[in-house]
């Protein structure tokens with residue numbers, strides 16, 4: 001007996017819903033907020049570091065899933081806290097046997113350790129993945145003052161800045177100071193230049209919408225983006 005028009009439409013809706021759930025369960029549907037291929041990433045991290053690190057990877061994946069529909073303020077705090085707690089600070093020579101190596105987020109999760117650049121890169125990719133607009137984020141090279149005397153020393157450091165609006169004072173995410181603070185509350189940091197996936201900028205203001213140069217100016221960053229794409233990031 002043929003179905004009536006209304007019944008046929010209802011059946012089609014049910015079948016479509018079931019098909020979408022099935023496809024999503026296979027990991028073939030990516031949420032619109034991000035482009036990471038988590039099945040591919042999991043295969044990559046397991047092949048390179050074994051099953052022991054998959055717990056940390058799954059915790060990271062679950063965190064990103066939880067943050068896709070919440071305000072940016074929650075995204076910033078929870079991603080900042082996650083990496084500051086899960087990743088141990090270490091120097092590149094000790095971790096990678098290289099004087100200056102920029103690790104992909106997957107490599108940082110696999111090692112469970114990284115230096116300041118690695119913390120910032122992992123947070124940057126994660127925030128983009130949960131839907132934070134890329135133009136709101138800048139990786140900033142700074143000189144970090146050490147000590148409290150007038151003749152303080154300084155060291156090269158990197159932090160992640162978030163701009164709610166182009167004219168807004170940025171929030172600073174840092175592995176050395178766990179609390180996310182406005183830039184004016186970080187007088188120990190002297191900015192040098194900033195960059196993101198759009199390019200390299202001569203200053204750090206988000207009003208500078210035009211990059212001073214392409215990412216090729218910063219060869220390590222360009223190389224990192226290529227390696228991250230090869231692992232499964234978009």
- Query: Across region 165-180, what is the number of residues that are touching a strand residue (DSSP E or B) at 6+ places or on another chain (Cβ under 8 Å) and either crowded, with 16+ Cβ neighbours inside 10 Å or over 18 Å from residue 124 (Cβ atoms) (or both)?
  - Reply: 8
- Message: Which of the helices (runs of 4 or more DSSP H) found entirely inside region 72-172 contain at least 1 residues meeting this: closer than 19 Å to residue 36 by Cβ?
- Response: 72-86, 105-111, 116-129
- Of the residues that make up region 129-136, is at least one buried (at least 22 other Cβ atoms within 10 Å of the Cβ) and either out of contact with any helix residue (DSSP H, G or I) (no Cβ under 8 Å at 6 or more places or on another chain) or within 30 Å of residue 46 (Cα to Cα) (or both)? yes
- Task: Inspect all residues belonging to region 89-98 and state whether any of them is within 21 Å of residue 161 (Cα to Cα) and at pLDDT 95 or above.
- Result: yes
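The values are calculated or read from the model by the stated rules, or taken from the named source; none is laboratory data. This is a predicted model, so every value here is computed, not measured. Glycine also receives a Cβ, built like all others from the backbone with ideal geometry; neighbour counts cover every protein chain displayed.
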